[in-house]
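Before I ask anything, let me first share the structure, which is written out below as structure tokens.
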């Protein structure tokens, strides 16, 4: 995770470093095949499969950048020049060639008439009947947007591999593109492992808990534009786990499980994956989220996330998210970009594992960015993720005092 400013690649007692784990996952990515053309209105969040080129010059003609008066700057003899107003040109209409020695009333976006080489903003003009008093001189080219100054016909405007945001759709629309070639959605088979799980709305018996992980993961996957195939809750048995894994591998591009990846007698995911395929990664030297499994069921990749809700969230954001984005065809920007701030806490006890602490970035009274951390390190406290707006990165073996610099990963970088 070099993008986090964290350079250590040390393996701790058989645990992969974050960098080693991420390198392993990303080296195994095989982007989805198959593309489709979708209407512009349905392309938000999809991944562009082919470069897009402009169909027109933008702007297509010289146009006014302001409301005012179009004129030939040579007709201004100095301050307080009077010119007759020969025409009115609103946006959406083309004016006639400008009569020599006159001005045209013009509005923002309207084509500049032939014969005019400048637009004087209306704030320095005074209308007097059929004339206008120009109170200030103007230079040639003032307040005119030139044809093609944004882009030229045939020029590439968007490259393949971009995950399309509102600004990309607006740019495509501005050159007249109505349909966009995109990669098909990544289909992810999702299940939760555990006899203790009950769906929200049901009754909690002794030892039971509501299944929050399904909704956390579904939301995370849908925010990344995936098609989610929900296999529901899988009982804690080797046979049921094998069945769910096999079905997911047959019908989806990726199998994602929560829970059951540790080493307890009721944790069946690891042996089931090893029976059906191979397991390439099991533990990572981070906190929270040490047990993260990665492997294959046949040719289908598998990711097994921890059952504790905070560990699941952190490992998904740091490892599953970049893997999924690359699998969807995204070529750049899959790793989060940290911001630097000052710690507003003390961290006196160094850890052998890298900590991704739930944290909140706020501005202090002086307008400086300060990072505070949630008081509990428990990976079962899902409420801590609603308190936080990001993760503080505390590297291995490090102590911190208030005011020390610290890396912070905003949720805006981890959830999109």
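No lab work stands behind these numbers, since they all come straight from the coordinates. Everything quoted here is computed from the prediction, not taken from an experiment.
Taking only C-alpha pairs under 8 Å that are 6+ residues apart, what is the relative contact order of the chain in percent?
Normalised by residue count, the contact order of the chain is 16 percent.
Which number comes out as Rg/Rh for region 262-333 once both Rg and the Kirkwood Rh are worked out on C-alpha atoms?
With Rh from the inverse mean 1/r over Cα pairs, Rg/Rh is 0.99.
For region 57-108, what does the equivalent ellipsoid look like in terms of its semi-axes, each the square root of 5 times an eigenvalue of the Cα gyration tensor, given largest first in whole Å?
Values for region 57-108, descending: 21, 12, 10 Å.
Going by alpha carbons, how many degrees (0 to 90, nearest 10) lie between the helix axis of 18-27 and the longest principal axis of the chain?
70 degrees
What is the distance in Å between the Cα centres of region 141-161 and region 13-56?
27 Å
Kirkwood-based Rg over Rh for region 265-416 (C-alpha set), two decimals?
With Rh from the inverse mean 1/r over Cα pairs, Rg/Rh is 1.02.
Taking the alpha-carbon centroid of each part, what is the distance from region 63-87 to region 258-329 in angstrom?
69 Å
Let me ask you something else. How far, in degrees from 0 to 90, does helix 238-251 lean away from the longest principal axis of the Cα atoms of the chain, to the nearest 10?
Helix 238-251 sits roughly 30 degrees off the main axis of the chain.
Oh, and also: Run the numbers on region 113-181 and let me know its relative contact order in percent, using alpha-carbon pairs under 8 Å that are six or more apart.
Relative contact order for region 113-181 comes out at 23 percent.
Here is a further query. Eigenvalues of the Cα gyration tensor times 5, then square-rooted: what semi-axes does that give for region 73-209, in whole angstrom, largest first?
So the three semi-axes of region 73-209 are 61, 21, 12 Å.
Here's another thing I want to ask about it. Using square roots of five times the C-alpha gyration tensor eigenvalues, list the equivalent-ellipsoid semi-axes of region 63-145 in whole Å, biggest first.
17, 13, 12
Taking the chain as the reference, fit the longest principal axis to its C-alpha atoms, fit the long axis of helix 213-223 to the helix C-alpha atoms, and give the angle between the two in degrees, 0 to 90, nearest 10.
Rounded to the nearest ten degrees, it is 30.
Normalising by the residue count of region 253-322, find the relative contact order in percent from Cα pairs under 8 Å and 6+ residues apart.
33 percent
Take every Cα-Cα distance within region 9-155, group them into 10 Å bins from 0 onward, and report for each bin the whole-number percent of pairs it holds.
With 10 Å bins starting at 0, P(r) equals 10, 27, 16, 12, 11, 10, 8, 4, 1.
What does the helix-only formula give at 222 nm for the chain: each DSSP H stretch with n ≥ 4 adding -39500 (n - 2.57), the total divided by the residues, and the result rounded to the nearest 500 deg cm²/dmol?
Calculated from helices alone, the mean residue ellipticity at 222 nm is -5000 deg cm²/dmol.
If you don't mind, there's one more thing I want to ask. Using the Kirkwood radius over Cα pairs, work out the Stokes-Einstein diffusion coefficient for the chain at 4 °C and 1.567 mPa s, in µm²/s as a whole number.
51 µm²/s
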